[in-house]
1. Just a yes or no: is a residue in the stretch 40-57 loosely packed, with under 10 Cβ neighbours inside 10 Å and at pLDDT below 90?
2. Quick one: in the stretch 1-27, which of the residues that are aliphatic (A, V, I, L, M) and in contact with a helix residue (DSSP H, G or I) (Cβ under 9 Å, 6 or more places away or on another chain) is nearest to Gly64 (Cα to Cα)?
3. Being farther than 19 Å from Val89 by Cα and over 34 Å from the mean Cα position of the chain (by Cα) is the filter here; which residues of the stretch 100-124 pass it?
4. Report yes if some residue within the stretch 61-75 is assigned to a helix (DSSP H, G or I), farther than 30 Å from Ala124 by Cβ and touching a Phe, Trp or Tyr at 6+ places or on another chain (Cβ under 7 Å); otherwise report no.
5. Right, Ala40: assigned to a helix (DSSP H, G or I) and farther than 18 Å from Leu23 by Cα or not?
6. Report, by residue number, each residue of the stretch 86-99 that is exposed (fewer than 13 other Cβ atoms within 10 Å of the Cβ) and not small (Gly, Ala, Ser).
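The values are calculated or read from the model by the stated rules, or taken from the named source; none is laboratory data. Predicted, not measured: the structure shown is a model, and the values here were computed from it. Methodologically, a virtual Cβ is constructed for each residue, glycine included, from the backbone with ideal geometry; neighbour enumeration extends over all protein chains shown.
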Amino acid sequence: MTFWESFWILVEIFFFVLYLVILFQIVGDLFRDRALSGWAKAVWIFFLVFVPFLTALIYLIARGSSMADRNLAAFQENKAAADAYIADVARRSPADDIAEAKALLDSGAITQAEFDQLKASALA
């Protein structure tokens with residue numbers, strides 16, 4: 001295999017992976033969009049399967065800006081959920097963790113050795 005054959009294979013692989021990334025972004029955006037009906041989503045998917053390049057291009061032109069808005073909204077929602085989780089974990093005290101582990105021990109869900117391990121990690 002010559003250098004140029006190898007080079008063109010790498011270029012083809014790059015564009016194929018690029019196409020897959022775009023396709024997955026479009027499919028993810030379709031299922032994230034709550035304003036679009038199920039029938040409209042089915043039509044987009046149908047055309048993505050049978051006329052993929054043209055459909056992807058039309059989708060990006062027609063719905064590209066709203067696609068970015070939905071991505072931003074999903075990012076902000078996930079960030080708010082992560083921040084709330086982090087704040088909740090920061091508020092917990094070791095006593096809360098030990099009490100929860102004790103309740104699990106009393107219910108029989110964990111063994112005494114597991115309780116001791118959880119207690120040690122809560123106090124650490």
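1. no
2. Ile26
3. Those that are farther than 19 Å from Val89 by Cα and over 34 Å from the mean Cα position of the chain (by Cα): Leu105, Asp106, Ser107, Gly108, Thr111, Gln112, Ala113, Asp116.
4. Of the residues in the stretch 61-75, the ones assigned to a helix (DSSP H, G or I) are 61-75.
From the residues that got through so far, the ones that are farther than 30 Å from Ala124 by Cβ too are 61-75.
Imposing the further condition that a residue be touching a Phe, Trp or Tyr at 6+ places or on another chain (Cβ under 7 Å) reduces the set to none.
No.
5. The answer is no for Ala40.
6. Going residue by residue through the stretch 86-99, those that are exposed (fewer than 13 other Cβ atoms within 10 Å of the Cβ) are 86-96, 99.
Result: Ile86, Asp88, Val89, Arg91, Arg92, Pro94, Asp96.
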